[in-house]
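The values are calculated or read from the model by the stated rules, or taken from the named source; none is laboratory data. Only a predicted model underlies this, so the values are computations on that prediction, with no experimental measurement involved. Cβ atoms come from the backbone with ideal geometry, glycine included; neighbour counts cover every protein chain shown.
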Amino acid sequence: MVGRLDDWLKAVAKRDGIVTTPGDLDWAGVAVMKKAYGLYKARNYRARLLAAAYRSHLHWSEFIGGDVVLTLRTSGRCCEQLGYRGEERMQNPSIRPSSPGCTASSRSSARRTTRTG
């Protein structure tokens with residue numbers, strides 16, 4: 001929703017000859033998502049919003065800390081902009097102990113948390 005709204009508004013502005021301040025339309029999707037989030041919270045909706053279709057890191061970093069669902073592909077423009085050049089890990093079912101922040105004790109405590117939480 002986030003990046004696609006930006007894309008659509010840019011296309012409409014170009015089609016209709018609407019002049020906007022440079023960069024304003026890059027924030028349209030973020031603004032709509034935050035407005036919808038505020039409405040959901042104010043009305044105590046139990047559903048969570050899903051943010052997707054990012055065009056830059058600002059499209060997901062603005063939602064950190066919110067009770068929303070963020071999709072993030074580990075390939076594509078967004079991760080490339082951040083300099084991420086990770087290896088494929090999805091085919092490997094195990095968690096590697098050598099991964100940063102991942103130790104045998106952290107895995108066992110995560111299991112305990114999941115069982116009791």
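From the set of residues in the range 42-66 that are outside any loop (DSSP other than H, G, I, E, B) and free of Cβ contacts under 8 Å to residues at least 12 places away in the same chain, which is farthest from Asp6 (Cα to Cα)?
So the residue we want is Ala42.
Return the pair list, or none, for Cβ contacts closer than 6 Å from residues in the range 22-37 that are in contact (Cβ under 8 Å) with a residue 24 or more places away in the chain to residues that are surrounded by 15 or more Cβ atoms within 10 Å (Cβ to Cβ) and among the β-branched types (Val, Ile, Thr), at least 6 apart or on different chains.
Short answer, once both residue conditions are applied: Gly29/Val2; Met33/Val2.
Specify the residue that is farthest from the chain's Cα centre (by Cα); the eligible residues are those in the range 19-37 that are more than 13 Å from Glu62 (Cα to Cα) and loosely packed, with under 11 Cβ neighbours inside 10 Å.
Val19
Would you check which residues across the range 1-16 are over 23 Å from Thr71 (Cβ atoms) and not small (Gly, Ala, Ser) and list them?
Residues satisfying the conditions are Val12, Lys14, Arg15, Asp16.
May I ask you to list the residues in the range 62-82 that are at pLDDT below 85 and within 11 Å of the chain's Cα centre (by Cα)?
Of everything in the range 62-82, those that are at pLDDT below 85 and within 11 Å of the chain's Cα centre (by Cα) turn out to be Thr71, Leu72, Arg73, Cys78.
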